[in-house]
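Written out below as structure tokens is the structure these notes cover.
The values are calculated or read from the model by the stated rules, or taken from the named source; none is laboratory data. The structure displayed is predicted, hence computed values, not measured ones. In this analysis, Cβ positions are derived from the backbone assuming ideal geometry, glycine residues included, and neighbour counts consider all displayed protein chains. Just the protein is used for accessible areas: all its heavy atoms, side chains included, with ligands, DNA and RNA removed. Shrake-Rupley method; radii C 1.70, N 1.55, O 1.52, S 1.80 Å.
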Amino acid sequence: MKEFNLKNKNILITGSNGLIGKNISEALSRYGANLILVDNVSKNLITNQANKIIKKYNSEVIPIQLDITDEKKTKIVLRKFNKIDVLINLAAIDPKINKKNVYDFNNSSLKKSIDVNIIGTCLFTDFILKKMIKNKKGNIINVASTYSIVSPNMNLYKGTNTFQINKPIEYIISKSFIPNYSRYIATTYIKKGIRCNTVVPHAVIKNNKNKIFKTNFSKLSPIGRFCKPTELNGLFVFLSSDSSSYMNGSTITIDGGWTAW
């Protein structure tokens, strides 16, 4: 559809090698976007991801191995890019800590979450914002979590007997800033031609074999199932395209109705 044409748009995605990142990068490339893929994984992983997209869609894709909390390196790496049309902030950590109670405070884990999910996101956005201001145009898409707008329902974890699928408080603290951070950018920089919106996905899970967790989830979610990663693609294509030109400061949930009750 021509309304969602992304041809000649340079789109930078942080956290591009994650489950969501892999899916939306292919979708954006399919609609004609040039991609800059940024992730703090091995060089081979991110290069392989880029090569796969290039082979499949004949797109222009640049893979970059980068820790977004490294201010000095980030500044050096981003200096070479003069025009970024869309920035998608996906990079984040979701700590898995063995706790007796998921709400127990862990100082070192909180600091790490803040470094990546808050400070890293702000630093990276600041570098790109300066380029967008210079070009008098830009589009920023921040990715939050349902737990940035509602509290985790602890009934989801009842009987699972595993710490690996809970949501500790440091994740809630570090992700909760994103929707309001987006509103700040949206209202502060719109006169300079820059829009900003937030996507709030939920339960984007590829393989979770915990039967109790699945049963709990099906009872607590109106839609009754996990989100398929591909179900996010259309929203990101829309927000990246000029079809969303009047959207600014919005928080868009794509959660199967999780936050509707």
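Considering (1) polar (S, T, N, Q); (2) open to solvent by less than 20 Å² (accessible area, probe 1.4 Å); (3) over 20 Å from Trp258 (Cβ atoms); (4) modelled with pLDDT of 95 or more, the lone condition that Ser113 does not fulfil carries the number (4).
Looking at region 29-48, can you tell me whether even one residue there is over 22 Å from His202 (Cα atoms), among the aromatic types (Phe, Trp, Tyr) and at pLDDT 95 or above? Taking every residue of region 29-48 in turn, at least one turns out to be over 22 Å from His202 (Cα atoms), among the aromatic types (Phe, Trp, Tyr) and at pLDDT 95 or above.
Checked against (1) buried (at least 17 other Cβ atoms within 10 Å of the Cβ); (2) modelled with pLDDT under 90; (3) under 26 Å from Asn23 (Cβ atoms), Ile169 passes all but a single condition, namely (3). Annotation note: of Leu66, Leu12, Leu35, the sole residue that is crowded, with 18+ Cβ neighbours inside 10 Å, touching a residue at least 60 places away in the same chain (Cβ under 8 Å) and either closer than 21 Å to Ile140 by Cβ or not hydroxyl-bearing (Ser, Thr, Tyr) (or both) is Leu12. Residue count for region 138-161, restricted to those that are over 22 Å from Ile24 (Cα atoms), open to solvent by 10 Å² or more (accessible area, probe 1.4 Å) and not aromatic (Phe, Trp, Tyr): 11. Of the residues Lys52, Lys43, the single one that is more than 30 Å from Lys111 (Cα to Cα), open to solvent by 50 Å² or more (accessible area, probe 1.4 Å) and charged (D, E, K, R) is Lys52.
For Ala203, the criteria (1) under 18 Å from the mean Cα position of the chain (by Cα); (2) among the small types (Gly, Ala, Ser); (3) at negative phi hold in every case but one, which is (3). Within region 116-137, being farther than 20 Å from Asp242 by Cα, open to solvent by 10 Å² or more (accessible area, probe 1.4 Å) and not β-branched (Val, Ile, Thr) holds for Cys122, Leu123, Asp126, Phe127, Lys130. Take Leu19 and decide whether it is in contact with a strand residue (DSSP E or B) (Cβ under 9 Å, 6 or more places away or on another chain) and within 20 Å of Met132 (Cβ to Cβ). So Leu19 fails the test.
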